[in-house]
1. It is to be established whether one or more residues within the range A:256-263 are in contact with a helix residue (DSSP H, G or I) (Cβ under 6 Å, 6 or more places away or on another chain) and more than 10 Å from chain B (Cβ to nearest Cβ).
2. Anything in the range B:331-354 that is touching a residue at least 40 places away in the same chain (Cβ under 8 Å), over 22 Å from the mean Cα position of the chain (by Cα) and not in a loop (DSSP other than H, G, I, E, B)? List them, or say none.
3. With the condition kept exactly as written, say whether any residue in the range B:7-14 is more than 14 Å from chain A (Cβ to nearest Cβ) and under 19 Å from the mean Cα position of the chain (by Cα).
4. Does residue B:134 satisfy being more than 16 Å from residue B:209 (Cα to Cα) and within 12 Å of chain A (Cβ to nearest Cβ)?
5. Cβ-Cβ below 6 Å, separation at least six or inter-chain, first residue in the range A:336-347 and more than 10 Å from every other protein chain (Cβ to nearest Cβ) and in contact (Cβ under 8 Å) with a residue 40 or more places away in the chain, second in a loop (DSSP other than H, G, I, E, B) and surrounded by 22 or more Cβ atoms within 10 Å (Cβ to Cβ): which pairs?
6. Tell me the residue from A:42, A:125 that is more than 26 Å from residue B:206 (Cα to Cα) and more than 10 Å from chain B (Cβ to nearest Cβ), please.
7. Would you check if there is a residue in the range A:246-253 being within 14 Å of chain B (Cβ to nearest Cβ) and either in contact with a strand residue (DSSP E or B) (Cβ under 6 Å, 6 or more places away or on another chain) or surrounded by fewer than 23 Cβ atoms within 10 Å (Cβ to Cβ) (or both)?
8. Which residue pairs have Cβ atoms under 9 Å apart, sit 6 or more places apart or on different chains, and have a first residue in the range A:367-387 that is free of Cβ contacts under 8 Å to residues at least 40 places away in the same chain and a second that is not in a helix (DSSP H, G or I)?
């Protein structure tokens, strides 16, 4: 077992304590549907008593994700939002959260419309501006909530610096690591306390399961999260836990391929006259390019770009043939999203525009199609749009 | 209008027109393709809506006579989702004899966020009325209660709730809509740990909420999606599969429970039998506390495990299992003593169940 800790990340995805079943040697973890477990004595219960508290299949995923994030304990939830909601339950009435301003719309909604009613305050800041972060601190600040790269503008936050600020005021640092996964970034090693995942995305990778996860590396926090997971009960179903485990096996190969494609597509878009701006931390002109290189092993497979107008966006969506136009990201299929009406629809328009999430912004999650095909598809769409617009000008 | 027996057998049938499949497909897709901006099929993202989950949500709403159903990842997730519609400063009045998990989330969870709860005996409406303050926003009852099996007059409590403009929430896990439909009696929200009778096979963890009224349903829908404690498509399908035999199972659970209740009442080593006369749940006290462990170990057929409502018979020891999170003095004061056992009567042959209980009980006095 100690030997296994020396394996590289790619190998750990496949060879862990669940690589075979101890009773019959099965190489795929069995799905244990039992909601309850027989007990032999009133005084001493077995490790498993009720499916919500612990289930062997869910536990397999929980230990795997904890191991990959280099934490001590993992917890699986019925969605990424269920994981985030449960993590926020650590707070009490009167506490305060400092949070990334261009956070995922669902998290924005949770903080502004749910936590606020239970007396938990928040301040949105640009986390790339450490002075602004420090200015946002109040005596009751208990959590710094980071998404890096952020959604959908791909701003990169210095996890180490934020964790230090948080520690200096006795607060916790939460990092949503959905976009990069532990294949590229391990926030706990950079000082974060709680890592969050929408495992629906890259971890599972096949658009076929909704799931969330929390990983911590502190026994006291582990106890608190474990208590909340069981009390609130927003746990992951066993078949879904198995699907996530299945997806994780190909995480590295999927990530490697998608990142290479993302870089090519980002360059293509950047050099295209009809594209106003490209947001991708793998481009050398990204403001936090160096930081991204330093704290992670890759820029990820999500990028955003701005076209000339809302009308151009509309046409682009209709003309492109390869990416599915849908919400979500991190799948084998490339997914094109329109943040204004999808991931960030829960954010009021003035808040969205203030954050730079314009009406002409599109987000692309790069999948496993051949990058040449995607570029050809995009190129043809952009050409048709500009030809059409020029035609209109001539008329 | 079909009867509930017909409704449960038909869940999901005729839901799909393209192939005519009788059994509904499990839709795993997390995302749904849009033809263009603003052109949704009605499904966008799995957390917000899933066709398989939607079937079970519509079915429970129909069975309970409510307007809208919401499927959650566990019964506790259903309760927490409901709690989210309240805010700091609000108060709840809650059945004193209550599932330990609900007590825990109220006392160690929602108290921290400023929502406080008062625990009262709910079988007497005047006791509830005395507990109402200006801040009371909801009455939450379990009927029958767990594990003491006391019934509350839902209609009387509903009238009281209406008088004070308070929401009435009823946990209907023990009876299911086959035996009791709280919304028809005036409740606003019904919840289920669907892990129990509705699922019925001890193989799926699930919770259901049914709301009555536009405002309540809108709030529940918002938080169901925001918090995201939703039921997975496969588990929704398993739950549908279980619900198809609910009517048959409930009949068998109930007839077995009646016979066991009268058998236990006449047994020398049993002192109290708590059975409300319907449903498949009963509790009983054995004569001596020191007999509990031997009794449970003497059982050959019946399983000693937490949970209830499955086809297999279960005996649970509330003191250390379901009610372990309730402080001992509170537990004792309401009658959940260390001699109390809760029996979820399964659908096995009743003679086999009686034989198993009889031998386990009789051996106690011969050992002593």
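1. yes
2. B:350, B:352, B:353, B:354
3. The answer is yes; a qualifying residue exists.
4. Answer is no for this residue.
5. Filtered contacts from the range A:336-347: A:339/A:152; A:339/A:357; A:344/A:357.
6. Checking each option against the conditions leaves just A:125.
7. For the range A:246-253, residues within 14 Å of chain B (Cβ to nearest Cβ) and either in contact with a strand residue (DSSP E or B) (Cβ under 6 Å, 6 or more places away or on another chain) or surrounded by fewer than 23 Cβ atoms within 10 Å (Cβ to Cβ) (or both): present.
8. From residues that are free of Cβ contacts under 8 Å to residues at least 40 places away in the same chain, the pairs are A:376/A:322; A:383/A:274.
A short reminder: the numbers here are calculations on the coordinates, not readings from a lab. Note that the structure is a prediction, hence the values are computed from the model and not measured. FYI the Cβ positions are ideal-geometry reconstructions off the backbone, even for glycines, and counts take in every protein chain you see.
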